[in-house]
Amino acid sequence: MNYRHAYHAGNFADVVKHIILTRIVLYLQRKEQAFRVIDTHAGIGRYDLKGIEAGKTNEWQNGVGRLLDANFGTDAAALIQPYLDIVRAENPDGAMRHYPGSPLIVRHLLRPQDRLSALELHPVDAGLLAEIFEGDIQVRVTQLDGWLALGAHLPPKEKRGLVLVDPPFEVGGEFKRLVEGLMRARKRFSGGTFALWYPVKDRDEVQRFVTALHETQIPKILRTELMIRAPSPEPRLDGTGMIVVNPPYTLYDELRTILPPLSKILSDEQNAGFTLDWIRGEQVGA
Ligand code: SAM
């Protein structure tokens, strides 16, 4: 396990992923009934942007760093605001020092009745994450293979919620594992929302992934991709992808508002663009 998210914390991919995450959890808050978020590949929770790893790449400056003073237009700004509020809450003196990872973002959005289960396999990272939530009865941190959570840990006892699957893609076969994991998880928790992150590096591989998702016959699969540059000749993270299965009914329209200004702000090139489409619609077979 060589992947260290600290090198990439707050980069463009984190920004898009975490804005989508925020919008989904805010939707879950609309009902009084408790929800659970299961974060299968949780990371360390809080990243020091002046630390050795983030300081080497400074990727955050072309990610969250570009959002801080950006002008999104009124509608998109209102939808992005809750995410930026969390980032700012983690940096109370105004200077950007810390970036919140997915479990910390979710924690900011839990009401007293809601719960977070965070899994992280790396022993050091799992330890750092557990420190953040020590004594917090709403959060359970487990050092465990996150793929296992897509079986035995489902459904959560709350029977409503979100499963975020954000693997590091450092070994081959992650796209296949995402599809197989989703199929397994859906059988146990068909009413849940699933958010699956993937890198857009090799377009053919992404297309095979999309085809495989379509062939699962699972309804309501929404795809979002945001590109920051045209396809590179060498494999490079040109874009970030998120699949949302069973999205809130509001999410498509929200992303249609957010993505145009966000892609302009995050892109390295003009018109790098984005994709927002249904891999499968409401009906099985659609
Ligand atoms: N979700 C985090 C966020 O948005 O802030 C970032 C997660 S990072 C992309 C992927 C994490 O998965 C790394 O911290 C890595 O140590 C961890 N990891 C790798 N293989 C794992 C596995 N099989 N189960 C759980 N965690 C794993």
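Rundown of residues vs (1) farther than 23 Å from residue 168 by Cβ; (2) out of contact with any Gly (no Cβ under 6 Å at 6 or more places or on another chain), yes/no style:
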site	(1), (2)
184	no, no
198	no, no
203	no, yes
213	no, yes
217	yes, yes
239	no, yes
245	no, yes
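Of all residues in the range 135-160, those that are under 16 Å from residue 102 (Cα atoms) have Cβ atoms under 9 Å from Cβ atoms of residues that are among the aromatic types (Phe, Trp, Tyr), 6 or more apart or on another chain, in 139/133; 140/133; 141/133.
Looking across the range 230-245, the residues that are in a loop (DSSP other than H, G, I, E, B) and either under 23 Å from residue 212 (Cα atoms) or of a type in the set (A, V, I, L, M, F, W, C) (or both) come down to 230, 231, 235, 236, 237, 238. Per the listing 120, 134, the residue uniquely more than 19 Å from the chain's Cα centre (by Cα) and farther than 30 Å from residue 70 by Cβ is 134. Within the range 246-275, the set of residues being touching a residue at least 60 places away in the same chain (Cβ under 8 Å), part of a helix (DSSP H, G or I), touching a strand residue (DSSP E or B) at 6+ places or on another chain (Cβ under 9 Å) and crowded, with 18+ Cβ neighbours inside 10 Å comprises 251, 255, 262, 266. The set of residues in the range 31-49 being more than 17 Å from the chain's Cα centre (by Cα) and under 11 Å from residue 99 (Cβ atoms) consists of 48, 49. Only a single item in (1) closer than 19 Å to residue 21 by Cα; (2) away from the ligand (no atom under 14 Å from the Cβ); (3) among the hydrophobic types (A, V, I, L, M, F, W, C) is not met by residue 175, and it is number (1). Considered as a group, the residues in the range 1-31 that are more than 10 Å from the ligand (Cβ to nearest atom), touching a residue at least 40 places away in the same chain (Cβ under 8 Å) and not in a helix (DSSP H, G or I) include one that is surrounded by the fewest Cβ atoms within 10 Å (Cβ to Cβ), and that residue is 31. Within the range 32-43, the set of residues being away from the ligand (no atom under 13 Å from the Cβ) and either within 22 Å of residue 127 (Cα to Cα) or among the aliphatic types (A, V, I, L, M) (or both) comprises 34, 36.
Counting the residues of the range 81-130 that are closer than 19 Å to residue 162 by Cβ and among the aliphatic types (A, V, I, L, M) gives 10.
Summed over the range 44-87, the residues that are more than 16 Å from the ligand (Cβ to nearest atom) and surrounded by fewer than 16 Cβ atoms within 10 Å (Cβ to Cβ) give a count of 16.
Readers should treat all values here as calculations from the given coordinates under stated rules, not as data from a laboratory. In this text, all values refer to a predicted model and were calculated from it rather than measured experimentally. Heads up, the Cβs are rebuilt from the backbone with ideal geometry, glycines too, and the neighbour counts pull from every protein chain shown.
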